[in-house]
């Protein structure tokens, strides 16, 4: 084994019931480098990383660490060998403090006292300072924003003093400033000899931070190269075999009457912070409107007001010219033709212990009831089969638990569930979060197709290229305010970036 290679996976095969997730994959981790790994959803990236982190054991194959063969039976076993992992989906206890989360299961003791809380708080504060975050060690994790929670996850891994640190989509919920902070931390860690395995679908981000890139396709090793020797088109060709589509809208677009009208929506948090500040806009039938903004801009909170999951708001909302009372429950808004695909897939999007079929139909069962409240099973099965086919959801059977699917396929299930409610207004909060280039293209083409059927689409994103590629009209939010409303033909990236910083 080469001295520059700290960890090597040889002929790794992972077989799940009905699915070959990894097929004789060879993978190398270079010492003190940022080792980028990329591939479409379902390519096997997360499965391979779980094997390296001791979460799962391979069906066949072997691992070599520092020249010696190892078997990782658990995450604790991997940690003892110096391997830590930050998962794409947050795995924090929201009812515990930041310090308690960082040292959970390995608490610091002092004499006869079970936990040395002062020392845990000191070390937590040092880690937060290292990440350039003003987060109190005593702060309850449930009070933190998604991006801050992601940084707590990273701090927990850093507290383990890992020689190999696996970061699975670490920037998916981070603002530009937080990404820059993370990159500074990563570069400092590699200077100290730490090897980083970095998974992301943001190609420009990979080019900026990566040293070596490995590409998986359909559960197999596809290519490895130095990042300095390749470019984005090369990555896309190796991943997909084709160039990405960058413009999804046809030249001629027909829109109808206003489907959604919002006037002076204002939402204040219990601690007095203004989350949405006097926002007014329209979305017409057949129109795709994108909301661009960074983390904390108020996009998610606005969607919660529209769907009724947040009822403590002021202002007026009309759906297809019908007023929606502030206290109107979410279920009634769905019945009236509104549907939401939430930002946080794990916490608010799926029922992890239920099947794909159940996750698809649970929001539309009221449409499939016969007399005596019995579910029309044949109609339900047809709806499931049609949705799985139309959205190209990769699953061996609709009865498989949704937790067995890749992140991108889980996102397709959440979108499919919304479509089965026959919405007239579809709300998509960060629909491409954690999804690869190919899956993004499928989602965007679906959005255009739905708009051509007369459905109004309102989606949010923090990716400029995405919003320029698929939105008829672009709204910009910053600090809870609506700072710009620009037709796509007149939109310029520099103007959008400037508008996104006005509220701060």
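The table below gives the values:
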item	result
Kirkwood-based Rg to Rh ratio, the stretch 247-300, C-alpha trace	1.10
Size-normalised alpha-carbon gyration radius of the stretch 372-496, reference 2.2 N^0.38 Å	1.23
The stretch 217-348: translational diffusion in µm²/s, Stokes-Einstein, Kirkwood Rh over Cα pairs, 20 °C, 1.002 mPa s	117 µm²/s
Label-point separation in nm, residue 381 to residue 231, each point 7 Å along Cα→Cβ	5.3 nm
Long-range Cα-Cα pairs in the stretch 5-240 (distance over 31 Å), rounded percent	23 percent
Cβ-based exposure ranking for 379, 251, 224, in which fewest neighbours within 10 Å come first	251, 379, 224
Förster radius 25 Å - calculated FRET efficiency between residue 187 and residue 138, Cβ distance, rounded to 0.05	0.25
Linear extension gain, residue 354 paired with residue 10, 0.36 nm per residue minus alpha-carbon span	120.4 nm
Chain lengthening between residue 125 and residue 76 when straightened (0.36 nm per residue, less Cα-Cα)	15.2 nm
Antiparallel content of DSSP bridges confined to the chain, in %, to 5	55 percent
For 144, 425, order by how many other beta-carbon atoms lie within 10 Å, fewest first	144, 425
Spherically averaged projected area in nm², based on the convex hull that wraps the Cα atoms of the stretch 1-112	9.9 nm²
Cβ-Cβ FRET estimate between residue 247 and residue 269, R0 fixed at 30 Å, reported to 0.05	0.20
Using alpha-carbon coordinates, inclination of helix 407-419 to the longest axis of the chain, degrees	10 degrees
Sorted by Cβ density within 10 Å, fewest first, the residues 164, 181, 197	181, 164, 197
Residue 62-residue 115 FRET efficiency (beta carbon distance; Förster radius 30 Å; 0.05 resolution)	0.15
Label zone at residue 204 (point 7 Å along Cα-to-Cβ), backbone N below 20 Å, the stretch 213-234	227-234
Beta bridges per DSSP with both ends in the stretch 379-504, % antiparallel, nearest 5	55 percent
Residue-span extension gain [residue 445 to residue 145] - 0.36 nm each, minus C-alpha spacing	104.9 nm
Correct choice for percent of Cα pairs over 39 Å apart that was computed from the model, options (i) 26; (ii) 18; (iii) 61	(i)
Nearest-ten-degree value, helix 176-191 long axis tilted from longest Cα axis of the chain	10 degrees
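Readers should treat all values here as calculations from the given coordinates under stated rules, not as data from a laboratory. Quick caveat, the model's predicted, so the values are computed rather than measured. A quick note on method: Cβ atoms are made from the backbone with ideal geometry, for glycine too, and the neighbour counts reach across all protein chains shown.
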